[in-house]
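The values are calculated or read from the model by the stated rules, or taken from the named source; none is laboratory data. Computed from a predicted structure; not experimentally measured. FYI the Cβ positions are ideal-geometry reconstructions off the backbone, even for glycines, and counts take in every protein chain you see.
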Amino acid sequence: MYGAASIQALLDELERLPGIGPKSAQRIAYWILNADKASALRLADAIAQVKSAVHFCPQCFNYAEGDLCDICASPKRDRGMLCVVSEPRDIAPIERTAVFGGLYHVLGGALSPMEGIGPDELHIRELMGRLASEDVREVVIATNPNIEGETTAAYLARLIKPLGIPVTRPASGLPVGGDLEFADEVTLGRALEGRRPL
């Protein structure tokens, strides 16, 4: 189609990436074709390196290159605070806030009976093992504020509360700079429920 089987093979692979359609695949493929060989090989080497060096942390299931991820290995983290997230990618935005200084636990997804994802498909057993063996003062459940995330949070809260460990959830509500007239009822309701004194 594009004059060479190798170009078509590259386009086919690029289109398999999330969020990349045919036009984006073409732009990336043409960049690779027009880039100097060293730049293209650096990209290929970076992909090969990340696939060979990165694995899941055996403690929290975040991405790691060493025995543990950098967060679990850090002596500066508050080991009494544990934030539960759905995926490793959810850790970065929380870290960027510089507000949470504890450890994480990555579930590897969220409960979704429609997609066949139940408790056994997630790292819930490992979470409960950590709570039984570590001195955790609080568990923050930071799953997404959607049906699957809310279901997962409620399920985990029911499991954890009998252990006597406080379970919290990040407040959700109005974004800074947002207008009340454009807020949906659920968001506005949560904002009102999570209000705090000034």
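Structure notes:
- Tally, over the range 104-116, of residues that are modelled with pLDDT of 95 or more and not small (Gly, Ala, Ser): 5
- Residue match in the range 46-58 (condition: closer than 24 Å to residue 129 by Cβ, touching a Lys or Arg at 6+ places or on another chain (Cβ under 9 Å) and in a loop (DSSP other than H, G, I, E, B)): no
- Residue among 163, 122 that alone is crowded, with 17+ Cβ neighbours inside 10 Å and either of a type outside the set (Val, Ile, Thr) or not assigned by TED's automatic domain parsing to the domain that holds residue 87 (or both): 122
- Single residue of the range 61-91 satisfying the filter (of a type in the set (Gly, Ala, Ser) and crowded, with 19+ Cβ neighbours inside 10 Å) that is nearest to the chain's Cα centre (by Cα): 86
- Residues satisfying the stated conditions in the range 134-154, i.e. surrounded by fewer than 18 Cβ atoms within 10 Å (Cβ to Cβ) and more than 12 Å from residue 82 (Cβ to Cβ): 144, 145, 146, 147, 150, 151, 154
- Filter result for residue 20 (outside any helix (DSSP H, G or I), hydrophobic (A, V, I, L, M, F, W, C) and farther than 30 Å from residue 171 by Cβ): yes
- Only one of 169, 158, 77, 190 that is touching a strand residue (DSSP E or B) at 6+ places or on another chain (Cβ under 6 Å), over 24 Å from residue 55 (Cα atoms) and of a type in the set (D, E, K, R): 169
- Selection status of residue 116, loosely packed, with under 15 Cβ neighbours inside 10 Å, over 15 Å from the mean Cα position of the chain (by Cα) and at negative phi: no
- Restricting 186, 140 to those that are out of contact with any Ser or Thr (no Cβ under 7 Å at 6 or more places or on another chain) and of a type in the set (A, V, I, L, M, F, W, C) reduces the list to 186.
- The set of residues in the range 59-71 being part of a loop (DSSP other than H, G, I, E, B) and touching a helix residue (DSSP H, G or I) at 6+ places or on another chain (Cβ under 7 Å) consists of 59, 60, 62, 65, 66.
- Flag for residue 136 being modelled with pLDDT of 75 or more, in a loop (DSSP other than H, G, I, E, B) and touching a strand residue (DSSP E or B) at 6+ places or on another chain (Cβ under 8 Å): yes
- Count of the range 1-53 residues which are among the aliphatic types (A, V, I, L, M), surrounded by 12 or more Cβ atoms within 10 Å (Cβ to Cβ) and closer than 30 Å to residue 122 by Cα: 2
- Breaking point among (1) in contact with a helix residue (DSSP H, G or I) (Cβ under 9 Å, 6 or more places away or on another chain); (2) within 30 Å of residue 102 (Cα to Cα); (3) free of Cβ contacts under 8 Å to residues at least 12 places away in the same chain; (4) not aliphatic (A, V, I, L, M), for residue 74: (1)
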